[in-house]
Amino acid sequence: MFKKILYPTDFSDVSKKAIDYIKQLRERGSETVIVLHVINQRGMQAIERYASGNSIEIEQRIMDDAKQQIKVIEDELKKSGFKVKSMIKTGIPMREILKAEEKEENVSVIVIGSHGKSNLEDIFLGSVSEKVSRKCKSPVLIVKR
Ligand code: ATP
Ligand code: MN
């Protein structure tokens with residue numbers, strides 16, 4: 001039923017919890033996972049503005065770190081028998097997630113964490129999961145913390 005999964009991750013604990021559910025979907029016939037991490041453009045702009053001189057170096061480090069973390073997830077999902085495509089984009093997370101949904105053909109479900117890095121206790125849903133679930137076309141599985 002959910003052949004192709006779009007899995008956006010900010011590498012937070014809640015988004016990692018989503019991996020357990022994705023693995024269970026493998027047993028139910030899911031075949032492909034698109035793992036997407038978005039490096040927040042706003043953060044990059046702040047670095048360019050304030051880390052005068054070595055901003056390129058910092059951005060490179062952020063990119064290398066993202067590559068490393070996404071690789072770990074990719075390997076874990078491959079071990080579970082998935083076909084995996086991982087992507088790192090720079091931009092506005094919500095927008096890049098919706099773009100990926102549109103561009104990748106036949107996404108059948110988006111698996112996303114209820115919260116991410118900020119993980120504020122008194123909010124029901126983080127802004128990314130809230131906006132994505134409101135605006136996307138696919139069914140959404142929101143994994144609670
Ligand atoms: P907020 O960012 O609104 O302060 P939060 O960090 O607790 O709150 P969200 O950012 O909405 O919550 O994160 C919820 C889920 O959205 C994460 O578990 C992850 O699956 C996805 N997500 C959030 N940020 C990104 C990102 N930069 N790239 C990919 N996926 C993301
Ligand atoms: Mn967040």
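Rule-based calculations on the coordinates, nothing more; no lab input. Since the structure is predicted, the reported quantities are computational estimates derived from the model, not experimental observations. No Cβ is skipped: glycine too gets one built from the backbone with ideal geometry, and neighbour counts run over all protein chains shown.
Here is how the numbers come out for the structure above:
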quantity	calculated
Cα-projected label distance for E105 with D122, points at 7 Å along beta-carbon direction, nm	4.9 nm
Radius ratio Rg over Rh of segment 96-145, counting only Cα atoms, Kirkwood formula for Rh	0.99
The chain: radius of gyration over Cα atoms, expressed as a fraction of 2.2 N^0.38 Å	1.05
Nearest-20 debye value, segment 4-143 charge dipole, Cβ charges on Lys, Arg, Asp, Glu	380 debye
Segment 13-70: trypsin sites (Lys or Arg not before Pro) falling in loop per DSSP and having at most 11 other Cβ within 10 Å	R28
Listed residues S86, S15, S52, most fluctuating in the chain (Gaussian network, C-alpha, under 10 Å)	S52
FRET efficiency estimate (nearest 0.05) - Cβ-Cβ, K83 to D13, R0 30 angstrom	0.70
